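I have placed the structure first, in the form of structure tokens, so that the comments after it can refer back to it.
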Amino acid sequence: MIITIDGPAGAGKSTISQEFAKAINYDVLDTGAMYRCVAYIKKESALSLNDALFQQKILDMNIVFQNHEIFLNGKNVTKEIRTPAIDIITSVEVSPHYFVRSEMCNLQRKMAQDKNMVVEGRDMGSNVFPDSPLKFYLTANSQVRAERRYNQLLEKNIHKDLKELEKEIEKRDYEDMNRVHNPLCIPEGAHIIDTSDLSLQEVLQKMLEIFQQIL
Ligand code: DC
């Protein structure tokens, strides 16, 4: 069975997907990391997204998730795909691109085939797996999401202005929700969970209850 988890940046999707999948003994697919890998290829090759050579690289790319690490064509890119430069290339250039989106969609369906998998992203329940029997949409207000980001950066000794972070998050929301191809939206039939005032354990508890009900 495929369980989809969608929602805006900073809603806690990654951590919650990992914990939820572990609790129900499912595999997990982080589709944001796949778009980030495409951005990494773009940055390294300096090719245009419309270049046939670039598109061939996307068709040939091999992504392996192993023990919380990501290998792109055999290279561990776990850290390299989380830099601010890759954030921007992914959200502004790569994720709105039609060819990239349709190839990622094919690859995601292939990777999930015949598996019990929690798939996390922006268009999982609305576009890639519309027939999934269990869909979640996780959200939180932009202030809470900015505070979470602020604390994550502080742990890495990076100091950023909280208001600035909130503006960046709202800009990212706008881009995700207004792109032409497969924008972020609440999938039909999705269970909406606002995580603004909930702990990770409380969110997990809610999701596990819903999972038990549909079994
Ligand atoms: O979840 P994330 O921040 O790692 O996602 C990286 C980027 O990829 C972000 O700009 C949204 C985009 N994305 C997307 O367009 N569709 C998905 N299914 C997953 C992520």
With the first residue restricted to segment 174-192 and required to be β-branched (Val, Ile, Thr), and the second required to be open to solvent by less than 20 Å² (accessible area, probe 1.4 Å) and outside any helix (DSSP H, G or I), Cβ contacts under 6 Å at 6 or more apart or on different chains are ILE186/TYR137; ILE192/TYR137
>> Tell me yes or no: at least one residue of segment 193-202 is within 17 Å of ALA11 (Cβ to Cβ), open to solvent by less than 80 Å² (accessible area, probe 1.4 Å) and within 16 Å of the ligand (Cβ to nearest atom).
In response: yes
Taking segment 168-192 and keeping only residues that are exposed (fewer than 14 other Cβ atoms within 10 Å of the Cβ), of a type in the set (A, V, I, L, M, F, W, C) and farther than 20 Å from LYS135 by Cβ, one is left with VAL180
- State whether one or more residues within segment 21-38 are touching a Pro at 6+ places or on another chain (Cβ under 9 Å) and open to solvent by less than 60 Å² (accessible area, probe 1.4 Å). no
When you check ASN106 against the structure, is it farther than 24 Å from LEU59 by Cβ and polar (S, T, N, Q), yes or no? no
Per the list (1) open to solvent by less than 80 Å² (accessible area, probe 1.4 Å); (2) at pLDDT 95 or above; (3) within 17 Å of the chain's Cα centre (by Cα), residue check on ARG109 breaks on (1)
Of those in segment 8-20 that are of a type in the set (Gly, Ala, Ser) and within 9 Å of the ligand (Cβ to nearest atom), the residue surrounded by the most Cβ atoms within 10 Å (Cβ to Cβ) is GLY10
A careful count of residues in segment 134-149 that are more than 16 Å from the ligand (Cβ to nearest atom) and over 14 Å from PRO8 (Cβ atoms) gives 2
Practice problem: Return a yes/no flag: does segment 143-151 have any residue that is open to solvent by 30 Å² or more (accessible area, probe 1.4 Å) and of a type in the set (Phe, Trp, Tyr). | Solution: yes
GLU166: more than 14 Å from the ligand (Cβ to nearest atom) and in contact with an Asp or Glu (Cβ under 9 Å, 6 or more places away or on another chain), yes or no? yes
Only one of LEU154, LEU134, LEU138 is touching a strand residue (DSSP E or B) at 6+ places or on another chain (Cβ under 8 Å) and either farther than 23 Å from ARG101 by Cβ or among the basic types (Lys, Arg) (or both), namely LEU134
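The values are calculated or read from the model by the stated rules, or taken from the named source; none is laboratory data. Values in this document were obtained by computation on a predicted structure and should not be read as measured data. As a convention, Cβ positions derive from the backbone with ideal geometry for all residues, glycine included, and neighbour counts pool all protein chains shown. For accessibility, only protein heavy atoms count, side chains too; no ligands or nucleic acids. Shrake-Rupley method; radii C 1.70, N 1.55, O 1.52, S 1.80 Å.
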